Structures are given as C-alpha cells and as structure tokens.
1. Just give me the residues in the stretch 53-95 being basic (Lys, Arg) and assigned to a loop (DSSP other than H, G, I, E, B), in sequence order.
2. Does the stretch 148-164 include one or more residues that are part of a strand (DSSP E or B) and in contact (Cβ under 8 Å) with a residue 24 or more places away in the chain?
3. Can you tell which of 134, 129, 138 is surrounded by fewer than 16 Cβ atoms within 10 Å (Cβ to Cβ), in a loop (DSSP other than H, G, I, E, B) and in contact with a Lys or Arg (Cβ under 8 Å, 6 or more places away or on another chain)?
4. Return a yes/no flag: does the stretch 141-156 have any residue that is among the aromatic types (Phe, Trp, Tyr) and more than 15 Å from residue 236 (Cα to Cα).
5. Which of (1) touching a Lys or Arg at 6+ places or on another chain (Cβ under 6 Å); (2) farther than 30 Å from residue 224 by Cβ is the odd one out, the single condition residue 143 does not satisfy?
6. Residue 184 versus (1) farther than 22 Å from residue 60 by Cβ; (2) modelled with pLDDT of 95 or more; (3) open to solvent by less than 40 Å² (accessible area, probe 1.4 Å); (4) in contact with an Asp or Glu (Cβ under 9 Å, 6 or more places away or on another chain): which is the lone unmet condition?
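The values are calculated or read from the model by the stated rules, or taken from the named source; none is laboratory data. Please read all numbers here as calculations on a predicted model, not as lab measurements. Methodologically, a virtual Cβ is constructed for each residue, glycine included, from the backbone with ideal geometry; neighbour enumeration extends over all protein chains shown. These accessible areas exclude ligands, DNA and RNA; they are computed on the full protein's heavy atoms, side chains included. Shrake-Rupley method; radii C 1.70, N 1.55, O 1.52, S 1.80 Å.
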Amino acid sequence: APMVFRKLRRIFGIDERQYMMSLGPEQLLGNLLLGNLSSLSMKLSDGKSGSLFFTSHDGRYMVKTIPFLEKNALMRILPQYYEYMRTNPDTLITKICGFHAVDNNIIVVMTNVFDTTRTIHEVYDLKGSTVGRSNTGSGVKKDLDFNRKILLPGEIKSKLKMQLQKDSQFLQSQSICDYSLLVGIHFEKETAPSNFHDHAVQPKYVPFYAVEDGGIRTVNQLGQPQKEIVFLGIIDILTEYGINKKMERFIKSWIPGVDKV
C-alpha cells in the first residue's frame, strides 16, 4: 500500500518533500503519535462515525481518522481507485494521498478541497437527500439549507455535469454510498484575501473546476463574471452499501417522519 499511495501522490502532482514538510514526523503525524495536537486545526467531529478531521498546518491536507469498516472499504477499492485516479485527472472524488496507522488510530490523508488563498464564507454538504438534511445552527449546511442558484459558464457547466455523472457511476460500481458533494462559496471583496497559504509548489495539472485559485468563478444570467467563487469536491467515499445501509434505507423508506437512524 505505501507504494500505491506514493504513486497516487505522483499522479496528483504532490512533491514528496513538500508532503513530508506538511505531514512528516516533525509536523502532523509525529504530533499525533505524541498526543500533541498543537500544530493541527480540528475541523469537526462527525456524530455518526466518531471520526475526527484535522487540517495540516499549511492548509493543504485534511487528515481523518477512520473506523475499521472504512479501512476495509479503502483496501478493497484501492486497485480500482488508483486506476480511476490515473485515468481521470478531472475527477472531483477525494484525492487520498496517504494511509497510516498511528497509535491504534487509522488515518487517511486527503488533499483539502478548500486549499485556497480565499476565505470560504459558506459550506454545504449535499447528498441529494431531504431526510434529516438540515442544519439550523452554524457550521456546515445541508441539502434543505441550499436555497440558492449557482450559475456557471456554459462549457464548465457541461463538463461538470459529465464529470459528476462519471464519478457517481464509478462509486456505484464499487458499491460506495452516502458520499457528499462538498460545496464552498467565497464572496469576493475589494480587499486582498486574508487566508493566505504559501503555495510555492503547484500541482502539475489543475482541473477545469479549480482554475480560479482552486475554484470556479460564477456568472450572471448574461454570462458576465460575478464576485463569487465556488469550490467543489466529492467526499466521504468509504461507506459501503452493505447490510447496515440497506436496513437504514428500509427504515427511512417506511417509517413516516423519521429523520435519523
């Protein structure tokens, strides 16, 4: 597996020295081992899985602890995942670039969808579902909170639709479910960006949906550029459609008013 992830990092255009500077023993992984999280920024704790999310000190990577079932799912789909990533440089699917066991914790390292100099003002986790998909508090919003339109240039819109369909078909072929489209929105102001990251090493290839500092600039109905940039990625790709998910789907389909399982 280590060699596979090294090859994946090469595919993603990640410099090994830069990767180690972000996540090496003197940085994130070593601090996890020592129980010192001072160099990390904890993002959230998912109530369902109990997973913890952190960002690397430079904002390039997300680090997530995963349960045993997700570890098994990753190992099962890894050959197909590698081949899909190799042949689909424009995929929106999470770019997993590291897999480690640290002090009884299984962690994966992923590129950060919001690795940008821009401040992300709104974040949505969209699953295409309405059951229990609302967040009335602060933080990440869900499907029922997404009461807006995002207009994109025609060519990008067509490419994005095709790529999302292709990515969904791949995940379906691997019996993966419950993934999300992560959407971040930056509202541009006259002042310079305040969320600056030092990106001396740039990836070799930039997908069509990330050409504007990691995102896409929206347009109005006349096709004119707007002061709004959207960031996209497909996340949470390690849940298998097994017996537990089948039972959850059955219960949600037959019990009126159920909002969570």
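1. Of everything in the stretch 53-95, those that are basic (Lys, Arg) and assigned to a loop (DSSP other than H, G, I, E, B) turn out to be 60, 95.
2. There is no residue in the stretch 148-164 that is part of a strand (DSSP E or B) and in contact (Cβ under 8 Å) with a residue 24 or more places away in the chain.
3. 134
4. Yes, because at least one residue in the stretch 141-156 is among the aromatic types (Phe, Trp, Tyr) and more than 15 Å from residue 236 (Cα to Cα).
5. Of (1) touching a Lys or Arg at 6+ places or on another chain (Cβ under 6 Å); (2) farther than 30 Å from residue 224 by Cβ, only one is false for residue 143: (2).
6. So the condition that residue 184 fails would be (1).
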